[in-house]
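Below: the structure, in structure tokens.
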Amino acid sequence: MSNNSPASTYQQLAARGASPVGLVVSLYDTILRDFRRAQAALVAGNVEQRVFELNHALTVIAHLQSVLNHDRGGEAAKTFDRFYEIARAMILDASVRCTRESLQKLIATFTAVRQAWHQIEPQSATAQPFLSSNPAPIAEVVPPAPQIEPQTTARTSNWSA
């Protein structure tokens, strides 16, 4: 499916000149757009659009998780891997619960992590840990993933057959 909108064209051109951290920030922006569109679809009662947007966010998160470099990333890569696992579970939970609060929690969480990535972008341009033959320690250039505990309480559902 090709999208030739001016916004899409701008994003594609911007991505070509972006740093690795800038690309991560861009992917977080995409996830946040997906969550906001899912929230709007929830309000409008458009189940198909809400599910589409949440599935797209899951796809982007799966990509972010798949490109983690566990050899060079060490503990930070493990932390982000766990964060993405929990985030995927939160998205699936939000899809089932269908509440504004569950989507708002996702938006708040990803906004905070996106902001941390954005703040380290200028530092990463000088350090270039992903491209250098002698990379800086990953802890110096990667923001910490937020601490999110998986839900341990019993879930209730409003679903009925």
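Taking 30 Å as R0, compute the FRET efficiency from the Cβ-Cβ separation of residue 104 and residue 71 and round it to 0.05. Given R0 = 30 Å and the Cβ-Cβ separation, E is 0.25.
In order along the range 78-83, phi translates into HN-Hα couplings of 4, 5, 5, 4, 5, 4 Hz, rounded to whole numbers, per the Karplus curve 6.51 cos²θ - 1.76 cosθ + 1.60 with θ = phi - 60° and x for Gly and Pro.
Bear in mind these aren't lab numbers, they're just calculated from the coordinates by the rules spelled out. From a predicted model like this one, the values you see are computed outputs, not experimental measurements. Reconstructed Cβ throughout: ideal geometry from the backbone, glycine too, with neighbour counts over all protein chains shown.
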